[in-house]
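Novice: Shown below is the structure under consideration.
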Amino acid sequence: MILGVTTAEKYVAAAYGIVFLIVLVYVLIIALKLGRLERELDELTGQVRERREAEREQREQVPVG
Amino acid sequence: MRLRTSENPLAALAALAGVLIAASVALIFFYVPTDADQGFSQRIFYIHVPIALTAYAFFGWGAWKALRHLWKREPGADLESYVAIHQGVIFGALTLLTGSLWAKISWGHWWLWSESQLVLFLVLFLFYGAYFMLRYSIEPGPARANMCAVYALFGVVLIPISFLAIRLANQLIHPVVFTLQGPQMAGSMFLTFCVSLAAMLTLAATLFHVELAGKRIDSRLRELRELLA
């Protein structure tokens, strides 16, 4: 027994700690993935905007009638 | 910004999981009496068994969604089956880790190959672990969805075998707590176990829905990218 902690208490702490750690790692992975999706969405939004602007410019260049 | 749980069921589920986890931790460490036979280490039971049951539930849910995909051609069932199996494998890994720690303190061994319950759970875990090798070795499309669904359905057979192994085997160390006569534990222990099980199931359901939402957004973004190309 070190610092009043029994072997059983160490094992119980390890079991609960492992569960907490793995769930935390899982949430971190999901958070990283959501960050990537957000960047992709920004990129696609930028592409749509650029395309719209190009279309508007083309429309302005075409003589009416 | 206020969190409107009535408008966001996922936020409500996450909040419920948080409350149940806090309640179960409080019950495990401040309410439930210490087991006369195993002592303090018996508290691993309140996390190990709910995690194992959650893993079974998600493997079963994955198989059910696989069946819906093959039978009704339900849209999105293949993705739901995949995410459920992913959750099942994560909780399966946690079952093996917490079980191993409990075995070491209770039996003096990290693992016993003679215990059919342990070996069958490992087989179930490895079977569903191989599901991902199959899934990522085939090009995305209907063929992959069908093959993965059939594989997920085969695995479901192992669930009752694994669950019943400790009841059918004769020589065993693994404890049998739930028998036909009901739970073999005090009322306070059973209450704590039920709260822990509810906490684990709601936590897993929250993670399942978060991962599923991420996968759906990913697939829609891919579609959008193809449309814009």
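The values are calculated or read from the model by the stated rules, or taken from the named source; none is laboratory data. What you see is a predicted model; the values in this text were computed from it and never measured. Cβ: placed from backbone, ideal geometry, glycine included. Neighbour counts: every protein chain shown. What goes into the accessible areas is simple: the full protein's heavy atoms, side chains included, and nothing from ligands, DNA or RNA. Shrake-Rupley method; radii C 1.70, N 1.55, O 1.52, S 1.80 Å.
Novice: Quick check on my filter: what residues within the stretch B:12-39 are of a type in the set (A, V, I, L, M) and in contact (Cβ under 8 Å) with a residue 12 or more places away in the chain?
Specialist: Initial filter on the stretch B:12-39 (of a type in the set (A, V, I, L, M)): B:12-17, B:19-23, B:25-28, B:32, B:36.
Once the filter is applied, which keeps residues that are of a type in the set (A, V, I, L, M) and in contact (Cβ under 8 Å) with a residue 12 or more places away in the chain, the stretch B:12-39 yields B:Leu13, B:Ala14, B:Ala15, B:Leu16, B:Ala17, B:Leu20, B:Ile21, B:Ala23, B:Leu27, B:Ile28, B:Val32.
Novice: Continuing with the same structure: Answer yes or no as to whether B:Pro9 is touching a His at 6+ places or on another chain (Cβ under 9 Å), at negative phi and open to solvent by 20 Å² or more (accessible area, probe 1.4 Å).
Specialist: Numbers: touching a His at 6+ places or on another chain (Cβ under 9 Å): yes; at negative phi: yes; open to solvent by 20 Å² or more (accessible area, probe 1.4 Å): yes.
Yes.
Novice: Restricting the search to the stretch B:149-174, which residues are open to solvent by less than 50 Å² (accessible area, probe 1.4 Å) and either modelled with pLDDT under 75 or not in a helix (DSSP H, G or I) (or both)?
Specialist: Selection gives B:Val156, B:Ala165, B:Ile166, B:Ala169, B:His174.
Novice: Would you mention how many residues in the stretch B:41-94 are over 27 Å from A:Gly17 (Cα atoms) and open to solvent by less than 10 Å² (accessible area, probe 1.4 Å)?
Specialist: Residues flagged as over 27 Å from A:Gly17 (Cα atoms) and open to solvent by less than 10 Å² (accessible area, probe 1.4 Å) within the stretch B:41-94 amount to 5.
Novice: If you don't mind, there's one more thing I want to ask. Considering only the stretch A:1-51, how many residues are open to solvent by 60 Å² or more (accessible area, probe 1.4 Å), under 24 Å from the mean Cα position of the chain (by Cα) and farther than 21 Å from B:Glu223 by Cβ?
Specialist: 8
Novice: Right, something else. Taking B:Thr192, is it within 16 Å of the chain's Cα centre (by Cα), among the polar types (S, T, N, Q) and open to solvent by less than 40 Å² (accessible area, probe 1.4 Å)?
Specialist: Details: within 16 Å of the chain's Cα centre (by Cα): no; among the polar types (S, T, N, Q): yes; open to solvent by less than 40 Å² (accessible area, probe 1.4 Å): yes.
No; evaluated as a whole, the condition is false for this residue.
Novice: Would you confirm, using the coordinates I've provided, whether B:Gly141 is on the phi > 0 side of the Ramachandran plot and open to solvent by 20 Å² or more (accessible area, probe 1.4 Å)?
Specialist: Working: on the phi > 0 side of the Ramachandran plot: yes; open to solvent by 20 Å² or more (accessible area, probe 1.4 Å): yes.
Criteria met by B:Gly141.
Novice: Mind checking which residues of the stretch B:37-55 are away from chain A (no Cβ under 11 Å) and either of a type in the set (Asp, Glu) or not in a helix (DSSP H, G or I) (or both)?
Specialist: B:Asp37
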